[in-house]
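Right, one structure below, let's go through it.
Rule-based calculations on the coordinates, nothing more; no lab input. Since we're looking at a predicted model, the values are computed, not measured. Note that we place each Cβ from the backbone using ideal geometry, even for glycine, and neighbour counts take in every protein chain shown.
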């Protein structure tokens, strides 16, 4: 089983799912530094408009907002989740690797050029794309609309195309691996819930991304081949431009057909990883495994038919709006099942407050807060008031920013010993936790408050509008908290770098957990499980099974009569 | 440990799952185009035009290619079947090219009308997928385990072509 491999094959163009997983995670961290720095520029511009006006023009602001959103959604959270999925799926189901290791390597090496294209686009004439991460036409379709609509937008589309291609290849691999490579005894109902999360997310991604591909192709054709799928005759800079009879709204429909399921592609695996972390620190099985899995399946189906709630203010037919409202509010039911099950998993727990557990607890808070705000945005009547305000910014940052990043941090602290065979520093971990979860949740809750007051979003200086001038007291505090949040990530990076080389050596099962990855050595060798694959005999979360028995029973332990 | 360590039966099973997933994702792509087409057909300035009758000949070529590929899948003893399927597939792509040339000669280009835009775009995207499927068939000549996968996807390309024709000829 041991191969002599060169450096390139072992660490660069590796087929090993564990190496590819870590490559994805490192790439996500690099992109997070860029996207985080953009957020700091955005916040500085908002807090000190006079200084900001001298530093860069208003067009640059919207370009930074666009790239911050694009990079965070697709190149930080998505990539980090791809990394964790790559690392965890084979280990948790008892496989030696992915079903198609070559395809796996290819999918990573397709996303690297995607990242580079996105980064390069900052330095071309006109700067990076400036049509929002949603790339609505006509801003994204007419090359002369704003500076970022020129080459920057073309590169944005190219980067997204590469990303979608990579994501699809990765998704095909996750799906086939989960369905076909489970070890003996690992039935679907015995799978760790994280694997379920990745399964549902993958299926959603495979079905929801193609419409965005179609939209992107039509947009490219409008931009470069003079068609008029999305562009329409309009006044631009005081001049009449005959561009055809296209329908800009069509793009929004196609975009949000992906955009909404994408939320669940990101959030479901994160909630599931939190579920997976909890029992090791509560010493209790997770609450409601099956209802949670069924709820995720229901959420998966519903998430594909509610996209219109992102478009209430486009003047859609009120009956259509009413349908989208009702369907959206129905999602609340299965989603609440997940939230309540997370909370109930703490019932009668003997908690161990290690860093992964702290992050898991913060995720539960963020799920509650974020989900609550969603009710007001899913309801058409209140959304029409909130839509152009910071209420929306606060809401989606809580869900696809805070829930995802906090659970990814928790997952990294939790599985780090398995990745590198060493523990991360608890002391640094705690500092990192309080300086991350605290500011993060506070910032986005405060943004809800700003939104309630009517603070306009997407604007480089909201005080330009008289009705926003009374609403400026929170701007500076939010910016200062954002600076604390960003700078405290250096603790995390330092902890990672230090622990990889100098961390305390980790045992195979440092958290005393039950799932299969902890039965493999830390770090697992090539092929993961030595000569024979493990055989599964029981459910994934057998903690404190009863009086007089062991505190936890790994999945590989045979049942006794 | 390489992929070869996976037992042949498991490998065949995951190839089937891979095929289903590939079909699902490509089907969603063309469904999205169909939705866009329907939406556009209901809006201002929609006008249909006659399509080259060469397309019917191309349809026949693609069906024959599918049949040949199926013969190859059922029996590896029929050695002419797979090369014939590939040759007919290339002929189909050439035929689509000639159909484009015919429209071009009539002065119909991509931006000429929304209908023409959809025609060129749909045939182009289908053509790209057909080309990829042809590469898969070509690779499958020497790699028996992926023959089922490649032929399955090839049949799906035929079905997508009928779907494209249905959209362009019947809907809107």
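Taking the radius of gyration and the Kirkwood hydrodynamic radius from Cα positions alone, what is the Rg/Rh ratio for region B:60-106, to two decimal places?
In region B:60-106, Rg relative to Rh is 1.19.
For chain A, find the longest principal axis of its Cα atoms and tell me its angle to the long axis of helix A:404-420, 0 to 90°, nearest 10.
Result, in degrees: 40.
When all C-alpha to C-alpha distances in chain B are sorted into bins of 5 Å, what percent of pairs does each bin hold, rounded to whole numbers?
1, 8, 16, 18, 17, 14, 10, 7, 5, 3, 1, 0
In whole angstrom, how far apart do the alpha carbon centroids of region A:280-314 and region B:14-29 sit?
24
Can you tell me what the convex hull of the Cα atoms of region A:264-337 projects to on average, as an area in nm²?
Result: 5.4 nm².
Any chance you could give the angle, 0 to 90 degrees and rounded to 10, that helix A:318-344 forms with the longest Cα principal axis of chain A?
Here the helix axis deviates by roughly 30 degrees.
How big is the Rg/Rh ratio for region A:219-360, C-alpha atoms only, Rh by Kirkwood, two decimals?
1.20
Hey, what number do you get for the protein assembly as shown at 222 nm if only DSSP H runs of n ≥ 4 count, each worth -39500 (n - 2.57), divided across all residues, to the nearest 500?
-22500 deg cm²/dmol
Taking each pair of different alpha-carbon atoms in region A:1-128 once, compute 1/r for the pair, average those values, and report the inverse of that mean as the Kirkwood hydrodynamic radius in Å to one decimal.
It is 16.5 Å.
By count of other Cβ within 10 Å, fewest leading, how are B:125, A:93 ordered?
B:125, A:93
Whole number please: convex hull volume per residue of the Cα set in region A:214-268, in Å³?
93
Starting from the coordinates of the alpha-carbon atoms of chain A, obtain the Kirkwood hydrodynamic radius over all distinct pairs and give the value in Å to one decimal.
Roughly 24.4 Å, rounded to one decimal.
Report D for region A:86-220 in µm² per second (integer): Stokes-Einstein, Kirkwood Rh on Cα pairs, 25 °C, 0.890 mPa s.
149
Cut-off is 10 Å between beta-carbons; in what order do A:365, A:14, B:65, A:473 appear when sorted fewest neighbours first?
The most exposed by this proxy come first: A:473, A:365, A:14, B:65.
How many partner chain Cβ atoms sit within 10 Å of a residue's Cβ in peptide A:203-216, on average, as a whole number?
Partner-chain Cβ atoms within 10 Å, mean over residues of A:203-216: 4.
So how far, in whole Å, is the C-alpha centre of region B:32-63 from the one of region A:402-421?
Computed from Cα coordinates, the inter-centre distance equals 50 Å.
So what are the three principal axis dimensions of region A:339-492 from its Cα atoms, in whole Å, longest to shortest?
Sorted largest first, the three principal extents are 57, 33, 23 Å.
Return B:46, A:196, A:133 ranked ascending by Cβ neighbour count within 10 Å, so the fewest neighbours appear first.
In order of increasing Cβ crowding within 10 Å: B:46, A:133, A:196.
One-quarter of the Cα convex hull surface for region A:301-399, in nm²?
7.2
Round to the nearest 10 and give me the degree value, 0 to 90, for the angle of helix A:58-70's Cα axis relative to the longest principal axis of chain A.
Around 30 degrees separate the two axes.
So what is the orientation-averaged projected area of region A:402-561, using the convex hull of its C-alpha atoms, in nm²?
So the Cα hull casts an average projection of 14.5 nm².
Along each principal axis of its Cα atoms, how long is region B:25-97 end to end? Whole angstroms, biggest number first, please.
Extents along the principal axes, in whole Å: 56, 29, 14.
Roughly what % of Cα-Cα distances in region A:100-157 sit above 18 Å, to the whole percent?
40
Starting from the Cα coordinates of region A:380-436, work out the convex hull volume and express it per residue in Å³.
Taking only Cα atoms, region A:380-436 has a hull volume of 85 Å³ per residue.
Starting from one equal scatterer on each C-alpha and no solvent at all, send me the Debye-based log10 I(q)/I(0) for region A:29-87 at q = 0.19, 0.26 Å⁻¹, two decimals.
-0.67, -0.97
Using Cα pairs closer than 8 Å and at least 6 residues apart in sequence, work out the relative contact order for region A:263-354, in percent.
Rounded, it is 47 percent for region A:263-354.
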